[in-house]
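Got a structure for you, written out below as C-alpha cells; questions coming shortly.
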Amino acid sequence: MHDPRSLSSATTLARALRARDVTATELVASCLSRIERLNPSINAVVWLQAEAALERARAADAAVDRGDFWGPLHGVPITVKECFDWTGSPSTFGRPSRAAHRPSANAAAVQRLVDAGAILLGKTNVPVDLADWQSFNPLYGMTRNPWSAAHSPGGSSGGAAAALATGMSALELGSDHSGSIRMPAHFCGVYGHKPTYGIVPVHGHWLVEGSPPDDLNVVGPLARSAEDLDLAMRVLAGPLPAQARAWSLSLPDPGHARVAGLRIAVLTTDALFPVDEATRTTARSIAHVLARAGATVEVDPTLPAPSRQCYELSLALARAATAFRRDAADIAAMRAQADRLDPDDRGYEALMLRGLTQSHRDWLDRHAEREHLRRAWATFFERHDLLVAPVSPTAAFEHITDTPKADQRLLVDGVARPMSDTYFWIGLASAAGLPSTVIPAGQSADGRPIGLQIIGPEYHDLHGIALARALESLHRGFTAPPGYA
C-alpha cells in the first residue's frame with residue numbers, strides 16, 4: 001500500500017493520530033509495506049517483528065478510542081539500531097558468534113521510546129562491532145545508500161539512516177562514539193543528534209551485559225525533521241531510575257526557534273584536514289543564510305585548540321575506549337608493534353596502535369588534556385552561541401570492502417587524502433563530549449547529500465536542535481532520495 005504520510009515526520013504522525021486522522025494500524029501497515037517493497041534493494045532493516053507491531057498498533061488504536069494516550073509517540077512506528085537490547089530480538093553487533101544472542105530486557109533508551117507509545121517494527125543494520133563508517137557484516141550483508149547504491153550509507157547507524165530516508169520507519173534510535181549517528185545522517189540526508197555525553201543512558205547498549213559505558217559513546221535519535229529530534233531528546237534524556245533518587249536533568253530550553261541575535265561561528269574547512277569544494281560551498285551558504293536572518297556570523301574562527309591537537313586527542317580517546325573489544329593476545333601483539341614505531345611517526349596507523357595499547361597513565365594524561373579542552377570550548381561558547389561545521393571531508397564515499405582502514409583514501413577535489421581525516425571533524429564534538437546536531441544542508445555535484453553539524457555547549461542540546469528547526473524553513477529540510485518519494 002502507498003500512504004502519502006510515509007515520509008512525514010514522527011511528530012506530524014503523532015499529531016495526526018491524536019486528531020484521529022489516521023490510525024496506528026494504518027501507519028504500521030504502510031511502513032511494513034515499504035519495507036517489503038524497498039528493503040530488498042537497500043538492506044536497511046535486518047530483523048522484523050511485523051505481527052507483534054500490528055498487534056501493538058491495534059492496541060494503540062483501541063486506546064485512542066478510549067481517549068487513552070500512552071505518550072508523545074503514541075502509535076508511531078519506529079526502528080532501532082541492531083546493537084540495542086530489545087527482548088526477543090538479536091543483538092549481535094554484526095558478529096556471527098552472537099547470532100543466537102537474545103537479551104532478557106530492553107535497553108533503557110528502547111524502553112523509554114516504548115513507554116512514550118512508540119511501536120517497534122524491527123532493527124537496522126550495523127558494521128561489525130559498530131567500527132566503520134559503512135554498514136556491512138557477515139550476518140546481514142551490506143546496507144546501500146538510497147541516494148546511490150554504490151555508496152556507503154554511513155556507519156555505524158547506516159541502516160537507521162537508510163531506513164528513515166526511504167520511509168521504512170518514522171524515527172530511529174542510534175548511537176555515536178566516533179560519528180556513528182552523524183556520518184549516516186550526513187550521507188543519507190536526514191537529521192541526527194549526538195547528545196552531550198552522559199545525558200541519555202547507554203544501559204543495554206553493550207557487548208557484555210552489565211559492562212560500564214565507555215567515556216565517548218552516546219545514544220541519540222535520527223529523524224526526518226529537527227522537531228522530531230527535539231521530541232525524541234525530551235523522551236530519551238534523563239537519569240536511570242536508580243540515579244533519579246539523587247539527581248534530575250533539566251536541559252536549557254531555547255524556547256521558540258530563532259536566528260536573529262544569535263552569534264554563530266561557521267567553520268568551512270581546515271588547512272590540515274581540508275574538505276571538498278561542495279562542502280565548503282554548503283558551509284558558506286549556511287553562513288549567508290544565517291547572516292541574512294539576523295545572526296552575527298564569524299566565518300572560520302580560531303578553534304579552542306590547534307586542529308592537529310584536536311585530531312590526535314580524539315583518536316587517542318576513541319581507540320582507548322574501544323580497546324576493551326580486543327582480547328589480551330591482540331593487545332599484546334599490537335603493543336609489540338607500537339614499541340617498534342619511530343617515535344616521530346604520527347600517521348594514523350601509529351596513532352591508532354598507540355591509542356589501543358596506551359597505559360592507564362597515558363590515558364590519564366589524555367583525560368587531563370580533554371578536561372583542558374572542555375574548558376577551552378566553554379570559553380569559545382562565551383563568544384559564540386553555536387558552531388556550524390562539516391561532518392566529514394566529502395559526501396558519501398563508495399563502498400570499501402577490501403582495504404584496511406589505515407590505507408583507505410578519500411578524493412578531496414581530486415586529491416587522495418587519508419580517510420582518517422574524518423576523525424578531526426567528528427572529534428570536534430566527540431573529544432569534549434559536546435552535543436552535535438546534523439542537518440541536511442546541501443548536495444554534491446552528482447546529487448549526494450551533504451550534511452553539516454551544529455555543535456553547542458555542553459547540555460545545550462536543545463539550542464542546536466532549535467537552530468536546525470529554524471534552518472529547516474530558512475534553508476532546506478529533508479528531501480526523499482529520487483525514486484523513494
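The values are calculated or read from the model by the stated rules, or taken from the named source; none is laboratory data. Just so it is clear, the structure is predicted and the values come from calculations on it, not from any experiment. Reconstructed Cβ throughout: ideal geometry from the backbone, glycine too, with neighbour counts over all protein chains shown.
If you scan segment 40-56, which residues turn out to be touching a residue at least 60 places away in the same chain (Cβ under 8 Å), of a type outside the set (Gly, Ala, Ser) and under 21 Å from Leu113 (Cβ atoms)?
Val45, Val46, Trp47, Leu48, Gln49, Arg56, listed by residue number.
To keep it simple, each residue is scored yes or no on (1) over 15 Å from the mean Cα position of the chain (by Cα); (2) more than 20 Å from Ala283 (Cα to Cα); (3) modelled with pLDDT of 95 or more.
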| site | (1), (2), (3) |
| --- | --- |
| Asp402 | yes, yes, no |
| Leu410 | yes, no, yes |
| Ala416 | yes, yes, yes |
| Leu428 | no, no, yes |
| Ala441 | yes, no, yes |
| Ile450 | no, no, yes |
| Ile455 | no, no, yes |
| Leu471 | yes, no, yes |
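I need a count of the residues in segment 297-317 that are crowded, with 19+ Cβ neighbours inside 10 Å, of a type outside the set (Ser, Thr, Tyr) and more than 20 Å from His384 (Cβ to Cβ).
Result for segment 297-317: 5.
Can you go through Ala53, Ala62 and tell me which one is exposed (fewer than 14 other Cβ atoms within 10 Å of the Cβ) and modelled with pLDDT of 95 or more?
That would be Ala62, the only listed residue that is exposed (fewer than 14 other Cβ atoms within 10 Å of the Cβ) and modelled with pLDDT of 95 or more.
Taking into account only those residues within segment 1-26 that are assigned to a helix (DSSP H, G or I) and modelled with pLDDT under 95, which is nearest to Ala99 (Cα to Cα)?
Ser6
Now a separate question. Only one of Glu298, Glu369 is touching a residue at least 40 places away in the same chain (Cβ under 8 Å) and not in a helix (DSSP H, G or I); which?
Glu298
Has segment 372-392 got at least one residue that is assigned by TED's automatic domain parsing to the domain that holds Ala305, part of a loop (DSSP other than H, G, I, E, B) and farther than 24 Å from Tyr191 by Cα?
no
Gly294 versus (1) at positive phi; (2) surrounded by 14 or more Cβ atoms within 10 Å (Cβ to Cβ): which is the lone unmet condition?
Among (1) at positive phi; (2) surrounded by 14 or more Cβ atoms within 10 Å (Cβ to Cβ), Gly294 violates only (2).
Select, from Ala63, Ala59, Ala109, Ala29, the only residue that is in contact (Cβ under 8 Å) with a residue 24 or more places away in the chain, assigned by TED's automatic domain parsing to the domain that holds Ser8, assigned to a helix (DSSP H, G or I) and farther than 19 Å from Val219 by Cα.
Exactly one of Ala63, Ala59, Ala109, Ala29 is in contact (Cβ under 8 Å) with a residue 24 or more places away in the chain, assigned by TED's automatic domain parsing to the domain that holds Ser8, assigned to a helix (DSSP H, G or I) and farther than 19 Å from Val219 by Cα, namely Ala29.
When you go through Pro221, Pro239, Pro254 one by one, which is the residue that is surrounded by 13 or more Cβ atoms within 10 Å (Cβ to Cβ), free of Cβ contacts under 8 Å to residues at least 40 places away in the same chain and not assigned by TED's automatic domain parsing to the domain that holds Asp461?
Exactly one residue qualifies, and that residue is Pro239.
I would also like to ask the following. With respect to Leu173, determine if the residue is in a helix (DSSP H, G or I), of a type outside the set (Gly, Ala, Ser) and either within 23 Å of Ala29 (Cα to Cα) or in the same structural domain as His399 (by TED's automatic domain parsing) (or both).
no
Select from segment 82-132 the residues that are of a type in the set (Gly, Ala, Ser), within 19 Å of Pro195 (Cβ to Cβ) and in contact with a helix residue (DSSP H, G or I) (Cβ under 7 Å, 6 or more places away or on another chain) and write down the one among them that is surrounded by the fewest Cβ atoms within 10 Å (Cβ to Cβ).
Restricting to residues being of a type in the set (Gly, Ala, Ser), within 19 Å of Pro195 (Cβ to Cβ) and in contact with a helix residue (DSSP H, G or I) (Cβ under 7 Å, 6 or more places away or on another chain), the top hit is Ala116.
Within segment 293-313, track down each residue that is aliphatic (A, V, I, L, M), over 18 Å from Thr268 (Cβ atoms) and in contact with a Gly (Cβ under 9 Å, 6 or more places away or on another chain).
Listed by number, the list holds a single entry, Leu313.
Tell me whether segment 352-365 contains one or more residues that are outside any loop (DSSP other than H, G, I, E, B), buried (at least 17 other Cβ atoms within 10 Å of the Cβ), free of Cβ contacts under 8 Å to residues at least 40 places away in the same chain and within 22 Å of the chain's Cα centre (by Cα).
Scanning segment 352-365 turns up no residue that is outside any loop (DSSP other than H, G, I, E, B), buried (at least 17 other Cβ atoms within 10 Å of the Cβ), free of Cβ contacts under 8 Å to residues at least 40 places away in the same chain and within 22 Å of the chain's Cα centre (by Cα).
Mind listing whichever residues of segment 118-138 are closer than 30 Å to Arg56 by Cα, in contact (Cβ under 8 Å) with a residue 60 or more places away in the chain and either part of a helix (DSSP H, G or I) or more than 17 Å from the chain's Cα centre (by Cα) (or both)?
Within segment 118-138, Ile119, Leu120, Leu121, Gly122 meet the criteria.
Oh, and also: Of Ala278, Ala320, Ala316, Ala260, which residue is modelled with pLDDT of 95 or more, out of contact with any helix residue (DSSP H, G or I) (no Cβ under 9 Å at 6 or more places or on another chain), of a type outside the set (Ser, Thr, Tyr) and assigned to a helix (DSSP H, G or I)?
Within the list Ala278, Ala320, Ala316, Ala260, the selection yields Ala278.
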